[in-house]
Structure formats: C-alpha cells, structure tokens
Amino acid sequence: MTPARVLIADDDRLVRAIFADALRAEGYDVAVAANGVEALARLEAEPFDLLLTDLLMPEMDGLELLERAKQLLPGLDVMVLTSVSTAEPAVRALRSGAFHHLVKPLDPEALQLEVHRCLENRRLMAENAELRRYQQLLGAAQRITACLEMDRLHPLAVDTLAAQTLADAAVLFRPAADRPGLELLAARNLPDPQAENLAELLW
C-alpha cells in the first residue's frame, strides 16, 4: 500500500524537522517547504494527500497558501498550525476549507494523532464515494433490466451510459437491418442530424 504523502510548510527549520521526523516514523512520505511560495510550487509539481501549514510565514502566509492550494487541488486535505490562540485565524482557515486547526506548541504525538485522524477520514470518504458509485451503477442496471418496453429501453440505456461515464452526450447505434450503415436508436444531448452524421463517420 502506497504511504500517504504529506507536505509540511513552516518557516521554522526546527519545527519542520521535528514534525517531519514524527510523521516519517508513522510511515508517511513527507516533504517540507520553508514558506508558502515553495510549498505551492511543490503542490504544482507533485501529488500530496495532506498539506500541513503554519499560518504566519513570510512571502505567502498560510491562509493564502490554503486558498491557492484548494483552488489548485480541491481534493487536498489541509491542516493549519499557528501560535496565535485567538479564534479568528481558526475560523478563517476552516471557512477556507481547512480540515482542522492546531495551536502551537504541539507535541509530535498529538500531531501524529491528528494527521492519522485526517487521513483516515480521507480514506473513509473515498471508500464511501466508491460504494455510492457502485450502488448507483447497480440501480441503473436494475432499471435497465426491468424495462420491457423497447422504445423506453434505448433512451434509458443512453442516459445511464452518459451518467456513469460523466459524458456530456451519448448515442446508441446498431447495424441497420435494411441498408448498409448504422441505425440511430437513441441520443442524449446530441441533435439527430449530428447523430446521423456521426453514424456515417463511424460506418
């Protein structure tokens, strides 16, 4: 199983080293960045599962990094750390899409626990999404097999195909019985003239 990849962004070299060592001891693949600009460049170049960022950093602070990281990678989990104990930074971070807000000083064991909780939540969410996809596919298959009317079956099959493949348009052809070429059975989001032209190209 591929280990989760974690990027730590903090301008404090000692904090980076302590947190990186703690997470590597748990089996995570860890990279570090000294500021937000460097962290964003790493995110643009490599895939990560979790970004752990300090809020107060030079060049680009943690909130700006959080917002730009979520724009770049909407599925990325982000946890923010700060030595500021007021609620405002935490609220702003959570509203910007952070999974959690942690207050320094934070001992390595507590960090390990919070990172594990975040990544376990990520794993469960992915499993639930996959389960929902299979349930939707099963439901679509049951609707198709339960349909006994041919004039309804073809549009239902095309709609199901488009929905399951996230396609903008879909068409269903079969070889024509009385002439060379393909016969259009159903189309979704594609006018009949375009579908007929497609049939000629495919034949």
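Spin-label point model (7 Å from Cα, Cβ direction): what's the His116 to Glu67 distance in nm?
3.5
Quick one: if you stick a label point 7 Å off each Cα along the C-beta vector at Arg152 and Leu106, how many nm between them?
Inter-label distance under the simple model: 5.5 nm.
Give a residue-ordered list of calculated ³J(HN,Hα) values for segment 157-170 (Karplus: 6.51 cos²θ - 1.76 cosθ + 1.60, θ = phi - 60°; whole Hz; x for Gly, Pro).
For segment 157-170, the Karplus-derived couplings read 5, 5, 4, 5, 4, 5, 5, 6, 9, 6, 7, 6, 8, 8 Hz, x marking Gly and Pro.
Could you pull the accessible area for Arg188 with a 1.4 Å probe, rounded to 10 Å²?
Ignoring ligands and nucleic acids, Arg188 comes out at about 70 Å².
Amide H of Leu52 versus every other amide H placed in the peptide plane: which residues, excluding those fewer than 5 positions away on the same chain, fall under 5 Å?
Those lying under 5 Å, H to H, from Leu52 are Leu7, Ile8, Ala9, Met79.
Kindly report, to the nearest 10 Å², the accessible surface of His116 as traced by a 1.4 Å probe over protein heavy atoms only.
Around 100 Å² of this residue is reachable by solvent.
Between Ala45 and Gln164, what FRET efficiency comes out of the Förster formula 1/(1 + (r/R0)^6) with R0 = 25 Å and r the beta carbon distance, rounded to 0.05?
On the way: r = 33 Å, r/R0 = 1.31.
E(calc), rounded to 0.05, equals 0.15.
Please report the net charge: other residues with Cβ closer than 13 Å to the Cβ of Asp11, K and R +1, D and E -1.
Computed value for this residue: -3.
The values are calculated or read from the model by the stated rules, or taken from the named source; none is laboratory data. What you see is a predicted model, and the numbers here were worked out from it, not measured in a lab. Positions of Cβ are backbone-derived with ideal geometry, glycine not excepted, and every protein chain shown enters the neighbour counts. Accessible surface areas use protein heavy atoms only, side chains included; no ligands, DNA or RNA. Shrake-Rupley method; radii C 1.70, N 1.55, O 1.52, S 1.80 Å.
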